[in-house]
Amino acid sequence: MDNWRKSSHSGGGDGNECVEIATSPTHVSIRDSKAPTGAALTLPTPAFTVFLNALKGTPETR
């Protein structure tokens, strides 16, 4: 994936205290913005939605 983008909530300074995501029609990839050449976690889009909702503490949506 080559469409990486950083959260608008990246923090102050250089904004590198964040994760970046890249999306495709079927998957979402997540990587550390401080190590962009390192490993990325790639999940199917429905699994990413469940993951994100768990982080937010909201009920699972399908």
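The values are calculated or read from the model by the stated rules, or taken from the named source; none is laboratory data. These figures come from a predicted structure and were not determined experimentally. Here the Cβ is made from the backbone with ideal geometry for all residues, glycine too, and neighbour counts use every protein chain on show.
Could you please let me know if residue 42 is of a type in the set (S, T, N, Q), assigned to a strand (DSSP E or B) and at pLDDT 90 or above? Explain how you work it out, then say what you get.
Numbers: of a type in the set (S, T, N, Q): yes; assigned to a strand (DSSP E or B): yes; at pLDDT 90 or above: yes.
So residue 42 fits the description; yes.
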Every pair of residues 6+ apart whose Cβ atoms lie under 9 Å, when the first sits in segment 23-47 and is farther than 14 Å from residue 6 by Cβ while the second is of a type in the set (Val, Ile, Thr) and part of a loop (DSSP other than H, G, I, E, B): 44/26; 45/26
